[in-house]
1. For Glu142, what is the net charge nearby, where nearby means another residue's Cβ is under 14 Å from its Cβ and Lys, Arg count +1, Asp, Glu -1?
2. Give the order of Asp220, Asp24 when sorted by the count of other beta carbons within 10 angstrom, beginning with the fewest.
3. Taking the DSSP beta bridges in the chain as the whole, what percent of them are antiparallel, to the nearest 5?
4. Of Leu41, Thr86, Ala283, which is farthest towards the positive pole of the chain's charge dipole, taken about the Cα centre with +1 and -1 on the beta-carbons of Lys, Arg and Asp, Glu respectively?
5. What's the longest piece of the chain with no exposed GluC sites (Glu not before Pro), counting a site as exposed if DSSP puts it in a loop and it has at most 15 other beta carbons within 10 Å?
6. Restricting things to alpha carbons, tell me how big the stretch 124-292 is in terms of Rg and Dmax, in Å.
7. When Lys and Arg each count +1 and Asp and Glu each count -1, what net charge do the other residues less than 10 Å away from Trp340, Cβ to Cβ, add up to?
8. Using a Gaussian network model of the chain whose springs link C-alpha atoms within less than 10 Å, name the residue from Leu233, Leu40, Leu122 with the highest mean-square fluctuation.
Amino acid sequence: MANIRRLDILRVRNLREIQIRPVDSVNIIHGKNGSGKTSLLEAIHMLGLGRSFRSAKLEPVIATDADDCVIFSELEEGVTIGLNRTRREGQVLKLMGERQRSWVDTARHLPMQIINSDSFSLLEGSPRVRRRFLDWGVFHVEHEFALAWRKASKCLTQRNLLLKQRRLDTDQLQAWDQELAQQGQHIDQYRRRYVELFLPALQKVLPELIALPDLKIRYDRGWDESVDLHAALQANRERDHRYGATQSGPHRADLQIRIGKNGAHEVLSRGQQKLLVSAMKIAQSLLLHEISGIKGVYLIDDLPSELDMDNRRLICGLLEGLGCQIFITCVDARELENCWSEGVRAGKFHVEHGKITPF
Ligand SMILES: Nc1ncnc2c1ncn2[C@@H]1O[C@H](COP(=O)(O)OP(=O)(O)OP(=O)(O)O)[C@@H](O)[C@H]1O
Ligand SMILES: [Mg+2]
């Protein structure tokens, strides 16, 4: 379990000073446009991953008239996570009061899924978005993955630097090729193993939301299936040199999502796309729970858009079934009122001009 018991937010966008005690099940964040609902979800996201889902830059999140922002949370079993982001000195992420050099450990404590208007990019965006989706799952179930990924990234950076030089230093290149090939093979194994678990999990969830008999999801590891990565790197050296960057490897993997012969985004309506993406994210959480007993936190921004009432109810029903802590926004609380089963005690938080009142 990874539930948030207390959340303090200071100077994040228009949220001046917020303190809430969320419930373990459903937290409905409602309020007018521009009141601060997405900012609240953004703050939670930053705690888990050290970054916003709206901006890659550090500064836009800090309130315009402030020099820093602070987010603090207390999870179950007294685990604390704090983040202080400043304009001048970057950010400090702390777990149990200890400064973290990366987001790896906080992310493990707070496995977070987000469903918002950007979620469509999982279908229509670049392979990078799908790799991030895939790696979220792999990261949480294969604990060696983060280290392999860090090592592979270092190799890639060094290899690409060499490839940018006019004359190739083949000795140095050889050393990086070997290490990259080794880590790349590991990453591929972890991802492949995960996809084999993920697809049946998706088959359980998807029919509850939408019938898509022609859906095909295929993992592409980022280099030719018929050769190992070392051979692929060697064979493509000249091409890589021309591009000044490595063209094959785990950084080029993809999860191809198709309906028949077409990309899913080329065929499905917006509402259908939202259902498919939601099913994929719910399947990941289901799997995480099955494998490790961990329930994640769900951030759901503006579920009502693109979805009719029946489909909202279906998604809410599935989310509720996961037993995860949910933060879900809407303009009018009535939009989500009838979406939960009778026993669920939803917490309601009204946001108005950056202030929050529980009701
Ligand atoms: N750095 C910042 N400092 C202060 N205010 C900001 C900053 N960045 C954005 N804002 C403002 O914060 C307010 C809250 O934005 P937010 O996106 O959280 O609203 P929202 O409640 O999700 O609205 P909507 O229903 O339209 O999605 C907006 O008025 C926005 O212009
Ligand atoms: Mg919003």
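1. Residues near Glu142 contribute +1 overall.
2. Taking fewest neighbouring Cβ atoms as first place, the list is Asp220, Asp24.
3. Roughly 70 percent of the DSSP beta bridges within the chain come out antiparallel.
4. About the Cα centre, the residue reaching furthest to the positive side is Thr86.
5. Between the exposed loop sites, the longest stretch runs 226-341.
6. For the stretch 124-292, the Cα radius of gyration and maximum Cα-Cα distance read 17.9, 57 Å.
7. Within the 10 Å Cβ shell, the charges total -1.
8. Top of the fluctuation ranking is Leu233.
Every number here is computed from the coordinates shown, using simple stated rules; none is lab data. Predicted model only: the values in this text are computed from it and were never measured. Please note: Cβ atoms are built from the backbone with ideal geometry, for glycine as well, and neighbour counts cover all protein chains shown.
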